[in-house]
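Have a look at the structure below, then the notes.
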Amino acid sequence: MPENFGVPEGAQTNGQRLARLRMRRRWDQRKLAQESGYSLSSVKKFEQGKRSLDRADVILTFVKALDCHPTEITGQPYTPPDSDLDGQAAVAAVAAVRRALLRHGRPTRPSDQEAAEVDLPELRARVAEANRYRQTAALAKSGNLLPALLRDLQVAADVSTGDERRAAYDLLASGYECAMQYLYKLGRSSDATLATERVVWSAAQTDDPLRALSARWYNAGEFLSIGEHDEAGAIIDEALTELGRINNDQPEKVSLTGAFHLKASLNYARATAGKAAEAELQKAERLAAQLAGDRNDYQLQFGPTNVAIWSVSLPVEMGKGRDAVRRAEHITGKFPAKYAQERRSHHYIDVGRARYYNGQHDQALDSFLEAERLAPQATRMHAGVRETTSTMLNTNRNRALLEFGMRLGVV
């Protein structure tokens, strides 16, 4: 049985938290093995930190057995170490962003000056800045920008009429998307869900069918993240059906359709339906080939490069490290110039986890360090990175790994 006493919450492994949840139910390890379908040996290795409990499908299996939330196993949200000043700055703005989200739908009661100063071109520029921070995973800068931006966007949507009102809601939906990603990256799942609901509602006010459908991409992700695969699949299928009814082949429609096929592939992968996941990935590949190159419609980064990144993510989700590393050889180090740092860092996280699965621990650390270089806070807050690093530290405490673990706050 793992000993948790005196271990700070952030330094506990997922296995230690799993053991605590098991004991809360007064189950022994054999009972958890029976309820989850995993062997007794596997349960012991997870709890003792001898086997990384980082894969979402495995975590969700235990979540269903124990009737808990995934974050009760992953330990999110995490508190950055005191030495991580940017991380501390990023989380400092969470309360202000949450307050802005809670004000959604309430009368904004702007002053006369606020109403007179509504300037959609200026707001569009500020939203573009927020999206740049989002694509570079600049969480501290996002936190500084978002509270005031969301307030100003809410006022604009409240006082505008006609086409300007629809444009204001489009910008507001994008602002909420930035807030959602900011909160998600910081492990604030409940607040991120709140932001997602605001995205869906605001996008619907634009009277733009594609914009409204793009919001459902995130809505599907909410159900996917808690293991509600049927509900996530239903949202994806409904969106694809509606996209099929739109009688044109404009690039925005093609890229949005492709993005939904990628989401479907992830949903199947986490439901351990590998063949269906690969089929959806192939559909996305064919759609990406129809485009002139990478696009960023609705900030979804759809195109050949992102499809290639997802082709590595899927085998990682299913624990197939060799397949992931083999696919990564076709893209690692070959990203287009100025391709989104957030996507590149996510790729290196996937590669690191795949290399860990293959027993290549030194190479796994190299990949994590590259991800950290590209997106420091997002990498340090990533549940899979933290769990994999904690597990590696159980058998190897070389200086580079130990220093990385200290920056994560798992040591």
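The values are calculated or read from the model by the stated rules, or taken from the named source; none is laboratory data. Small disclaimer: the values here were computed from a predicted structure and weren't measured. No Cβ is skipped: glycine too gets one built from the backbone with ideal geometry, and neighbour counts run over all protein chains shown.
Could you check, for the stretch 136-149, whether at least one of its residues is of a type in the set (V, I, T) and over 18 Å from the mean Cα position of the chain (by Cα)?
No, every residue in the stretch 136-149 fails to be of a type in the set (V, I, T) and over 18 Å from the mean Cα position of the chain (by Cα).
Quick one: count up the residues across the stretch 112-157 that are more than 17 Å from A340 (Cα to Cα) and in contact with a Phe, Trp or Tyr (Cβ under 7 Å, 6 or more places away or on another chain).
4
Listed residues A95, A90, A65; which is in a helix (DSSP H, G or I) and within 28 Å of Y357 (Cα to Cα)?
Exactly one of A95, A90, A65 is in a helix (DSSP H, G or I) and within 28 Å of Y357 (Cα to Cα), namely A65.
Restricting to the stretch 321-334, what's the tally of residues that are modelled with pLDDT under 95 and among the hydrophobic types (A, V, I, L, M, F, W, C)?
1
Can you tell me which of L85, L101, L66 is surrounded by fewer than 17 Cβ atoms within 10 Å (Cβ to Cβ) and of a type in the set (A, V, I, L, M)?
Going through L85, L101, L66 in turn, just one is surrounded by fewer than 17 Cβ atoms within 10 Å (Cβ to Cβ) and of a type in the set (A, V, I, L, M): L85.
If you take just the helices (runs of 4 or more DSSP H) that sit entirely in the stretch 223-312, which of them hold at least 2 residues that are of a type outside the set (G, A, S) and within 25 Å of L171 (Cα to Cα)?
By residue number, 229-245, 251-270.
If we keep just the residues of the stretch 115-135 that are at pLDDT below 95 and part of a helix (DSSP H, G or I), which is nearest to the chain's Cα centre (by Cα)?
That would be A115.
Got a number for residues in the stretch 58-116 being closer than 22 Å to G143 by Cβ and either touching a residue at least 40 places away in the same chain (Cβ under 8 Å) or touching a Leu at 6+ places or on another chain (Cβ under 9 Å) (or both)?
29
Name, by its number, the condition in (1) crowded, with 17+ Cβ neighbours inside 10 Å; (2) without any contact (Cβ under 8 Å) to a residue 40 or more places away in the chain; (3) of a type in the set (D, E) that does not hold for D28.
So D28 meets the others, but not (1).
Looking at this structure, is R344 within 23 Å of D294 (Cβ to Cβ), modelled with pLDDT of 95 or more and part of a helix (DSSP H, G or I)?
In short, yes.
Is one or more of the residues making up the stretch 280-301 acidic (D, E), in contact with an Asp or Glu (Cβ under 7 Å, 6 or more places away or on another chain) and surrounded by fewer than 22 Cβ atoms within 10 Å (Cβ to Cβ)?
Within the stretch 280-301, one or more residues are acidic (D, E), in contact with an Asp or Glu (Cβ under 7 Å, 6 or more places away or on another chain) and surrounded by fewer than 22 Cβ atoms within 10 Å (Cβ to Cβ).
Output the residues belonging to the stretch 38-89 that are under 17 Å from P376 (Cα atoms) and among the acidic types (D, E).
Those that are under 17 Å from P376 (Cα atoms) and among the acidic types (D, E): D82, D84, D86.
List the residue pairs whose Cβ atoms are under 8 Å apart, where the first residue sits in the stretch 149-176 and is within 15 Å of E129 (Cβ to Cβ) and hydroxyl-bearing (S, T, Y), the second is modelled with pLDDT of 95 or more and assigned to a helix (DSSP H, G or I), and the two are 6 or more positions apart or on different chains.
S174/V127; S174/A130; S174/N131; S174/Q299
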